[in-house]
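Engineer: My questions will all concern the structure given below.
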Amino acid sequence: MRKVGRKAFRIVMITVISLAMGGGFYLWNARTLGGNQMPMPFGIGMAVILSGSMEPTLHVNDLVIITKAETYEPGDIVVYQSGSISVIHRLLETDGVTALTKGDANNVADEPIPTYLIKGKMVNRVPGVGFAVQLLRSTPGTLAVTLLAVWLLIRSQKKDREDAKAEQDVIRQQIETLKEQMRQETDTAAENGPAAESTEAPTEAVVQEERKE
């Protein structure tokens with residue numbers, strides 16, 4: 001049962017390693033080569049709140065879940081790319097070509113932007129986990145997760161080898177015990193054999209003497 005559990009654990013670790021390496025490469029490629037600061041595979045993305053411009057609706061280190069939409073309505077909290085950064089503000093108005101946004105805590109609206117720069121709108125948020133997500137998505141974080149998963153994978157395989165060796169040692173010991181028992185039984189049989197013959201001989205002699213009488 002433990003072996004099955006460790007096998008499943010190794011499958012999970014291999015999956016984690018693959019996702020960490022693949023996801024890290026995907027993010028690096030999108031940001032560095034594609035200039036896309038918030039890649040959205042399958043139309044879903046995540047953003048971390050880094051400023052207080054959306055207080056009190058959103059707080060620093062909140063994790064925001066973003067999805068693409070065909071249209072955006074005033075009041076939606078949207079994410080758009082401004083140069084090398086992603087901005088998450090509330091949509092005030094749009095004519096389908098340009099959009100006007102503003103942070104809830106800001107006194108003035110942002111500069112109008114083309115609607116094609118809008119990457120998606122907020123559908124949910126997870127308070128206070130943004131720092132951890134940022135760390136995991138960074139190159140050092142991805143490397144740390146990968147190395148940890150590799151170490152756990154190696155440790156699990158080493159444990160399997162140790163258990164297999166322990167089982168072999170137990171079987172070897174049982175075989176040696178059986179051999180010793182068989183040896184003792186053989187020695188006992190060899191010692192008792194002549195004694196049995198010597199006890200039978202006088203009995204035959206007594207019978208012959210009784211017949212003569």
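The values are calculated or read from the model by the stated rules, or taken from the named source; none is laboratory data. This is a predicted model, so every value here is computed, not measured. Neighbour counts run over all protein chains shown; Cβ positions are idealised from the backbone, glycine included.
Engineer: Condition first: among the acidic types (Asp, Glu) and without any contact (Cβ under 8 Å) to a residue 40 or more places away in the chain. Now tell me which residues in region 66-114 satisfy that.
Structural biologist: Scanning region 66-114 gives GLU70, GLU73, GLU93, ASP95, ASP110, GLU111.
Engineer: So, THR71, is that one more than 21 Å from the chain's Cα centre (by Cα) and exposed (fewer than 11 other Cβ atoms within 10 Å of the Cβ) or not? Break it down stepwise before answering.
Structural biologist: Working: more than 21 Å from the chain's Cα centre (by Cα): yes; exposed (fewer than 11 other Cβ atoms within 10 Å of the Cβ): yes.
In short, yes.
Engineer: Return yes when ASP160 is surrounded by 13 or more Cβ atoms within 10 Å (Cβ to Cβ), touching a residue at least 12 places away in the same chain (Cβ under 8 Å), not in a helix (DSSP H, G or I) and not aliphatic (A, V, I, L, M) and no when it is not.
Structural biologist: Judged against the criteria, ASP160 is not a match.
Engineer: Could you check ILE88 against (1) modelled with pLDDT under 70; (2) out of contact with any Asp or Glu (no Cβ under 9 Å at 6 or more places or on another chain) and say which number it fails?
Structural biologist: Going through the list (1) modelled with pLDDT under 70; (2) out of contact with any Asp or Glu (no Cβ under 9 Å at 6 or more places or on another chain), ILE88 breaks only (1).
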